[in-house]
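The structure under discussion appears below in the form of structure tokens.
The values are calculated or read from the model by the stated rules, or taken from the named source; none is laboratory data. Everything quoted here is computed from the prediction, not taken from an experiment. No Cβ is skipped: glycine too gets one built from the backbone with ideal geometry, and neighbour counts run over all protein chains shown. Heavy atoms of the whole protein, side chains included, go into the accessibility calculation; ligands, DNA and RNA do not. Shrake-Rupley method; radii C 1.70, N 1.55, O 1.52, S 1.80 Å.
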Amino acid sequence: MEDRFEQWKRYLLPLPHEITFEGDVECRPESVSVALRPGAGALEKNAAAMLEALFPGEEGAKPVGGAFSISIGLIESGPDAERLKGLPNCRQAYTIRPDGRRLVLAALSERGITYGARTLRQLLEPNLSPDSIRIPLVSVTDWPDLDERGMWNFPTPEEWIPWMASMKLNYGKMDSTELSTVVRGKPNSARIDRALMEEARLLGFNYVPLITHLNFLHDRGLFRAYPELAGKGDGALAGRYFAHKEGNQHRAPCASNPLLVDILEEWMADIASQGASEVGCWLTERPAQCECDDCTALGQFVLEARAFVNAWKRIRPRFPEFDLRIFLSTTTSQRDYRVLAELPPEVRVGRACAAEMERVLHLPRDLTANPLLDYHASQGRWIASYDVPVNANGRVETPEFKVPQSSPHRIRDYVGHLIRRQYSGAFGMMAWVTKGRETCGYNVAALAEYSWNLKGRSEREFAVAWATREGYVDVEAFADWSERLGPVAFDVYDSDFPVCYSWGKAVEMVRSKRRPYLGEGMFRYYENEHAFDEKVDACRRAIQIASGFESPDCVNETRVVMTYVELARGVYRVAEKVATRDLADPDVQMELQAALESLETAGASNVAAIRHWRETLGPEPWHNRVHDAIRGTESTVREIARFLRERYLN
């Protein structure tokens, strides 16, 4: 009996905080009914429909009930209500209780009902057939560790939102927000996908409209319509990320000009009038400063945040329930202290591209810390990070290589830091859309697991649950593969990846004869030379396990990770010889030649592995970030070889 219930729990993702089984009931699907409380709201009705869809009976007829029932409703008093009120993020918490031949799903809010229905559906699906359903008599008390959990951007929202919501992820930004072109003297408007926003809301998902980075507003004709709003001087040019490759330098606005507040107010009011409950407002993306006297007196980002807040305050009398969240500038934090001091306490704050700024070297794994934001989070300020590394490098300010990473170990580590720092939101970010779920789906599921219940499952237990839900024949073998590859992928992609290749840092290390230091930079998680062999051996064992899987994806991914280890080893051996040996010695030159040839072989293997992995997912055209990864390896190996052959090898 116990084994059966343990098997049942494998279908739950995320795992509830508290769950026990008292037995089960078997009956015909059409004899199960769902009862709503009088006056049930839209989310409750949607939750009931989600459950009823499991057992419609013949020709889609609604269940007639009789043998078993599920009761759904909000509660305000009683032992369960008092328990829920004391839990973290209690408006999302819920209970499920057995009561004879009935299950009672209760919560303090409709969103809690939605999440409880998700858990029930996951429990009911595995043992359902046209003729029979086995229903667990289960007792659950559950809540999320973080208030918001989700993805910064994602492809095809109409597909991704239901998928993410099925795992209780509940946040995403509305890329479909369209700000009107600014015309002087004309009202400004915005268009959002209201239908999709409402559909998301029924799933307990926040699909949040946005006003984009203020240095992007020239794209909306802002400076053509109002030249006086253009930031003054070259200091107002925010530049662009290395990853963007092209485009102008994105001039920031003159944030002290009151015209800016007028325009922001009109956009906000139009968004609110379409039923949105909040808006995300993005400060200028990169370091910039309008050089007029009024702006330099306080600073660009202080004035931008003030403009957003003033616009929001103006519309609050008309839309008193409309909320504001501020997205801080990504690569500059000099005036964040003043921005935070000025923001009303109810304004939410998000931060991205801060992974390297917050890194604190520590063994066995690095820590993350931002004393300013961490203090505000500890005082109850709503703070979120967009840096959960669901993709390989997790640094979108760099050339974000599109290569595979399956590492619940890395996701759990980062989310754990955020929870311990008392943050309220944890989001992942992808700067590409094609094959997003194939590349990052496992990690997105890990984000769902650990942002809801950090301590519920080990990484291996999560792997078993994910493989169970995905229909793997041998879920324990998949977990074996994940346990071998996940820590190695963590090591590889958290070691100055990909900038060690894309920015020529490995090449410069060799050229400058700088001795490689094991434990730092691109060798961050290589404690000694044996570590390279240990990681390669782990990958080989992972490949052996994954060779028995029906899909080749796990084998192909492991080869990419393994060849990155071999590439790092090749760079290390060459750099070590160049830095420490007498290169005029013919014997040393022979050793260096052999080391260089090994590096070239490793580079070729890495390129071939990336190409094979991506070819298996689909033919060209591939996203440019796949080609960035290939070029990063090719240029690193080519430039090191050129330098050595021109200087030391004849």
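For the reader, a short list of remarks on this structure follows.
- Overall form of the stretch 186-243: oblate. Here a/c, set by the Cα gyration tensor axes a ≥ b ≥ c, is 1.5 or more, and a/b is not larger than b/c.
- Restricting the stretch 128-187 to trypsin sites (Lys or Arg not before Pro) in coil, as DSSP defines it, with at most 14 other Cβ within 10 Å: ARG184
- With the cut-off at under 13 Å, measuring from each backbone N in the stretch 144-164 to a point 7 Å along the Cα-to-Cβ line of ARG121 picks out 161-164.
- Out-of-range pairs (alpha-carbon distance over 32 Å; input LYS9/LYS435; LYS313/LYS455; LYS9/LYS85): LYS313/LYS455
- Overall form of the stretch 95-222 per C-alpha gyration tensor (a/c, 1.5; a/b vs b/c): prolate
- Distance between the stretch 250-312 and the stretch 435-481 - C-alpha centres, whole angstrom: 41
- Remark: the GLU591-ASP533 segment gains 18.9 nm on full extension, using 0.36 nm per residue and subtracting the alpha carbon distance.
- Pairwise centroid distance, computed over Cα atoms, of the stretch 329-389 with the stretch 491-505, Å: 23
- Sum of -39500 (n - 2.57) over DSSP H runs of 4+, divided by residues of the chain (222 nm, nearest 500): -14000 deg cm²/dmol
- Overall, the accessible surface of the chain at a probe of 1.4 angstrom is composed of carbon and sulfur to the extent of 49 percent.
- The relative contact order of the chain, computed from alpha carbon pairs under 8 Å that lie at least 6 residues apart in sequence, is 11 percent.
- Taking the stretch 452-524 and dividing mean pair separation by its residue count, relative contact order in percent (alpha carbons under 8 Å, at least six apart): 24
- Once the 1.4 Å probe is applied to the protein heavy atoms, the chain comes out at 40 Å² accessible per residue.
- The listed peptides 523-530, 110-117, 90-97, ordered by packing as a protection proxy, come out as 110-117, 90-97, 523-530 (highest mean of other Cβ atoms within 10 Å first).
- Per-residue ³J(HN,Hα) for the stretch 132-139, Karplus 6.51 cos²θ - 1.76 cosθ + 1.60, θ = phi - 60°, Hz, x for Gly and Pro: 8, 9, 9, 10, x, 8, 10, 10
- Prolate/oblate/rounded call for the stretch 414-476, Cα gyration tensor, a/c under 1.5 rounded: oblate
- Span from the the stretch 573-650 Cα centroid across to the the stretch 21-45 one, whole angstrom: 61
- Neighbour cut-off at most 13 other Cβ (10 Å), DSSP loop, trypsin sites (Lys or Arg not before Pro), the stretch 428-466: LYS455
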